[in-house]
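**Student:** Can you read through this structure? Questions will come right after.
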Amino acid sequence: MKTAISFCLLICFCITSASSTSQTTSAKKILIVYLSRTNNTKAVAEIIQKEVGGTLVALELVKPYPANYRAIVDQVVHENETGFLPPLKTKVDISQYDTVFVGFPTWGMKLPPPMRSFLKQHNLSGKTVIPFNTNAGYGIGSTFDTVKELCPKSKVLEGFTTKGGIERDGVLFVMEGEKEKEVSKDVNTWLRAIKIVK
Ligand SMILES: Cc1cc2nc3c(=O)[nH]c(=O)nc-3n(C[C@H](O)[C@H](O)[C@H](O)COP(=O)(O)O)c2cc1C
């Protein structure tokens, strides 16, 4: 009898500790930080937040980029050549988070300078970093590789990318209707594949 009671207590203990472990895992603090000019990457960030929760933060600059497309392209080329890191208006207490999604468009086939500023200014060591991207159809370029380079002590998971706008041709926001449905489905598949959702 005594043995049976001890056995039951042991089982109860195991169940309790297992459930508290899974609670700790799901209570992990998630940050979704993104850069977006024409709101396509922002829309993907919002889809991710619907799936995983967490805090959504838009990266804003002290000195915003010009509205004119040609002017921003030229400025970004210059910033990439000189390694300029644009000062950020957005402030984040990164110590609050274990998992950090970082979202950005492809700019000049590279990681946009403001996201380089963010990754250089925040200590992401020991955290899980998950990139996501939109682009005009030319792909991620070197963006995901640069995230890995700038987060050498983080666990960088496989990223997500989808076609967004083509500002050069006047196509700005595309994440609505069928496209939004398709992206929501693809985001869910990706989050399952990287085991962020079950
Ligand atoms: C300065 C600049 C440079 C860009 N360079 C590229 C590029 O090299 N390759 C590409 O596929 N799209 C490029 N694009 C298009 C954006 O990546 C695409 O429109 C993206 O969906 C925009 O995201 P957003 O709406 O979140 O700003 C560029 C856009 C801008 C403004």
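The values are calculated or read from the model by the stated rules, or taken from the named source; none is laboratory data. Just so it is clear, the structure is predicted and the values come from calculations on it, not from any experiment. Reconstructed Cβ throughout: ideal geometry from the backbone, glycine too, with neighbour counts over all protein chains shown.
**Student:** Select, from THR106, THR128, the only residue that is near the ligand (Cβ under 10 Å from one of its atoms) and on the phi < 0 side of the Ramachandran plot.
**Tutor:** After applying the criteria, what remains is THR106.
**Student:** Hey, another quick one. Pick out the one residue from PHE132, PHE173, PHE160 that is in contact with a helix residue (DSSP H, G or I) (Cβ under 7 Å, 6 or more places away or on another chain), surrounded by fewer than 16 Cβ atoms within 10 Å (Cβ to Cβ), touching a residue at least 12 places away in the same chain (Cβ under 8 Å) and among the hydrophobic types (A, V, I, L, M, F, W, C).
**Tutor:** Details: PHE132 fails: surrounded by fewer than 16 Cβ atoms within 10 Å (Cβ to Cβ); PHE160 fails: surrounded by fewer than 16 Cβ atoms within 10 Å (Cβ to Cβ).
Testing whether each residue is in contact with a helix residue (DSSP H, G or I) (Cβ under 7 Å, 6 or more places away or on another chain), surrounded by fewer than 16 Cβ atoms within 10 Å (Cβ to Cβ), touching a residue at least 12 places away in the same chain (Cβ under 8 Å) and among the hydrophobic types (A, V, I, L, M, F, W, C) leaves just PHE173.
**Student:** Based on what the data block shows, is GLN75 at pLDDT 95 or above, out of contact with any Ser or Thr (no Cβ under 6 Å at 6 or more places or on another chain) and loosely packed, with under 15 Cβ neighbours inside 10 Å? Give the derivation first.
**Tutor:** Values: at pLDDT 95 or above: yes; out of contact with any Ser or Thr (no Cβ under 6 Å at 6 or more places or on another chain): yes; loosely packed, with under 15 Cβ neighbours inside 10 Å: no.
For GLN75, the condition - at pLDDT 95 or above, out of contact with any Ser or Thr (no Cβ under 6 Å at 6 or more places or on another chain) and loosely packed, with under 15 Cβ neighbours inside 10 Å - is not met.
**Student:** Restricting attention to segment 49-85, which residues are over 22 Å from ILE166 (Cα atoms) and not in a loop (DSSP other than H, G, I, E, B)? Outline the logic, then answer.
**Tutor:** First, pick out the residues of segment 49-85 that are over 22 Å from ILE166 (Cα atoms): 49-57, 61-63, 81-85.
Correct list: GLN49, LYS50, GLU51, VAL52, THR55, LEU56, VAL57, LEU61, GLU81, THR82.
**Student:** Follow-up. For THR99, are the conditions met, namely being away from the ligand (no atom under 16 Å from the Cβ) and over 21 Å from GLU60 (Cβ atoms)?
**Tutor:** Details: away from the ligand (no atom under 16 Å from the Cβ): yes; over 21 Å from GLU60 (Cβ atoms): yes.
So THR99 passes the test.
**Student:** Turning to a different aspect of this structure: Anything in segment 156-177 that is more than 9 Å from the ligand (Cβ to nearest atom) and of a type in the set (Phe, Trp, Tyr)? List them, or say none.
**Tutor:** Within segment 156-177, PHE160 is the sole residue that qualifies.
**Student:** Next up: Any residue in segment 30-47 that is more than 10 Å from the ligand (Cβ to nearest atom), surrounded by 14 or more Cβ atoms within 10 Å (Cβ to Cβ), at pLDDT 95 or above and more than 23 Å from ILE140 (Cα to Cα)?
**Tutor:** As a first pass, look at segment 30-47 and keep what is more than 10 Å from the ligand (Cβ to nearest atom): 30-33, 46-47.
Now narrow it down to the ones that are surrounded by 14 or more Cβ atoms within 10 Å (Cβ to Cβ): 30-33, 46-47.
The next check asks that each one be at pLDDT 95 or above; those that pass are 30-33, 46-47.
Filter once more, so that each one left must be more than 23 Å from ILE140 (Cα to Cα): 30.
Yes - at least one qualifying residue is present in segment 30-47.
**Student:** I'd like to verify a number: residues in segment 17-29 that are modelled with pLDDT under 70 and not hydroxyl-bearing (Ser, Thr, Tyr), how many? Can you show your working first?
**Tutor:** Step one: filter segment 17-29 for residues modelled with pLDDT under 70, giving 17-27.
Subset that is not hydroxyl-bearing (Ser, Thr, Tyr): 18, 23, 27.
Counting residues in segment 17-29 that are modelled with pLDDT under 70 and not hydroxyl-bearing (Ser, Thr, Tyr) gives 3.
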